[in-house]
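Remarks on the structure that follows.
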Amino acid sequence: MNAKNIFAKVAPTSVKTIVKKLVHELENQNRSHESLHEMETISDESYLRMAYKVIFEREIDSAGLVTWLNVLETGLSRTALVRMLIDSVEFQLRPLGSKDYWHLLNAKLHHARFKLIRTVLPEAKVILDLGGASTDDDRGALLSFGYPYLPEKIYIADLPPDERMLKAPELTQQIRYKSCDINYVYTSMSDLSSFEEGSFDLIWSGQSIEHVTTEEAEKVFAQAYKLLKPGGKLALDTPNRSATQIQCPKGYIHPEHKIEYFYSDLCQILERHNFKIVETKGLIELSKTIDKNLDMKHFCEEAISGEALNDKPEKSYCFYLCCMRSCDI
């Protein structure tokens, strides 16, 4: 696999044309085709220089090089780095074609979720991550997205790789990353019977609760209530049907989604399972579009200009909820 494919597999379609053109030029200059193994073993500095040429069509500046090298040293994956470059203001302000609005929406959602996980998600020592496997990072999606704390243990509950829409290699069930033990448990998120009660400080469902039915979600919440330690938290983010019904009025925004919740409906379900919501956030504000039921043109314009992480969960493209058991408050 050459450099073009390594960058393109994590880039929106709008980046792929740039990737193809620039890497073709690089290959012509270098007269070589680097293997995937060679690309993975080149230095961080070489990787950054190539990423800037591919994505921004320029050399990396000295300040940017120092900054990103420091970020990579903290453990951020190279795949996550490329996504962050694509999410950047510099890339988003390039001249746009009509199709680019959708790619920018995806990029902005990645940016909002990075910010959510890095600045809002609570610190915890033992975490259960529901649907948290990553095709690009064997540490899982939570650490890949820049979770700033290093837990003692992370348990990733996800479907076996051959049952997922995007096929992935089956990983060793236990991985050691620095001082953190990462354990993979291949199961449906609605069946958490293999975990002991009172085991977790945080149960995190990052863009996964919409992948099971409402009935299955009720099972998830009932089990989560028992699995949390005293004072533990259940947190999730998910698409907001108030927004996605404008985008896809006759279906859902992803073929694997079983449901997309209205903010108030999911809050009521959680409260019915004796959870009290202690913190909320919105991801990509769409107040005008939702309030006035505007068309897709206004949807796209507001999504691109709207605040990425905000305090209007019911008026955003996605929403975040953090809950505690009522008995712990």
*Protein accessible area in the stretch 148-238, 1.4 Å probe - carbon and sulfur %*: 50
*asked:* For the stretch 209-329, what does the accessible surface come to per residue with a 1.4 Å probe? Please give it in Å².
replied: 45
_Can you compute 3J(HN,Hα) from phi for each residue in the stretch 280-290, using the Karplus curve 6.51 cos²θ - 1.76 cosθ + 1.60 with θ = phi - 60°, rounded to whole Hz and x for Gly and Pro?_
9, 8, x, 10, 6, 5, 9, 4, 5, 5, 6
*Using θ = phi - 60° and Karplus 6.51 cos²θ - 1.76 cosθ + 1.60, couplings along the stretch 177-191 (whole Hz; Gly, Pro as x)*: 10, 6, 9, 10, 8, 10, 10, 9, 10, 8, 6, 5, 5, 7, 10
*Once you have all Cα-Cα distances for the stretch 257-325, histogram them in 10 Å bins from zero and send the whole-percent values.*
21, 44, 27, 8, 0
*Label the stretch 114-212 by shape, choosing from rounded, prolate and oblate, from the square roots a ≥ b ≥ c of the eigenvalues of the Cα gyration tensor; if a/c is under 1.5 it is rounded, and otherwise prolate applies when a/b is larger than b/c, oblate when it is not.*
rounded
*Per-residue ³J(HN,Hα) for the stretch 69-86, Karplus 6.51 cos²θ - 1.76 cosθ + 1.60, θ = phi - 60°, Hz, x for Gly and Pro*: 4, 5, 5, 4, 5, 6, x, 4, 6, 5, 4, 5, 4, 4, 4, 5, 5, 5
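Once a ≥ b ≥ c are taken as the square roots of the eigenvalues of the Cα gyration tensor of the stretch 156-262, is the result rounded (a/c under 1.5), prolate (a/b larger than b/c) or oblate (a/b not larger than b/c)?
oblate
Suppose all protein chains stay in the model; what accessible area per residue would a 1.4 Å probe give for the stretch 104-166, in Å²?
Computed with neighbouring chains in place, this is 39 Å² per residue.
The values are calculated or read from the model by the stated rules, or taken from the named source; none is laboratory data. The structure displayed is predicted, hence computed values, not measured ones. Heads up: the accessible areas ignore ligands, DNA and RNA and are worked out on the full protein's heavy atoms, side chains in. Shrake-Rupley method; radii C 1.70, N 1.55, O 1.52, S 1.80 Å.
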